[in-house]
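Remarks on the structure that follows.
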């Protein structure tokens with residue numbers, strides 16, 4: 001597979017459609033989860049994230065789908 005140059009990668013990134021609000025929100029949750037996992041010995045609190053999702057208007061099902069297979073503190 002051919003390696004792409006920086007300019008080719010940049011062009012591909014610029015051609016992507018903008019993220020919708022749901023995708024942006026999920027990306028924020030993933031970023032926050034990853035940072036907390038690194039600083040808390042990989043055990044963020046499930047209930048804190050559940051409350052944060054609830055306050056942002058996520059349904060319980062939507063949150064559980066996002067939270068599935070992540071490592072959580074008991």
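The values are calculated or read from the model by the stated rules, or taken from the named source; none is laboratory data. This one's a predicted model, so the numbers in the text were calculated from it and none came from an experiment. Heads up, the Cβs are rebuilt from the backbone with ideal geometry, glycines too, and the neighbour counts pull from every protein chain shown.
Go through region 49-74 and count every residue that is at pLDDT below 90 and either out of contact with any helix residue (DSSP H, G or I) (no Cβ under 9 Å at 6 or more places or on another chain) or loosely packed, with under 13 Cβ neighbours inside 10 Å (or both).
So the count comes out to 2.
I need the full set of residues from region 1-11 which are surrounded by 10 or more Cβ atoms within 10 Å (Cβ to Cβ) and out of contact with any helix residue (DSSP H, G or I) (no Cβ under 9 Å at 6 or more places or on another chain), in order please.
Within region 1-11, 8, 9, 10, 11 qualify.
Where residues in region 28-48 are in a helix (DSSP H, G or I) and surrounded by 15 or more Cβ atoms within 10 Å (Cβ to Cβ), which of them is nearest to the chain's Cα centre (by Cα)?
Selected residue: 29.
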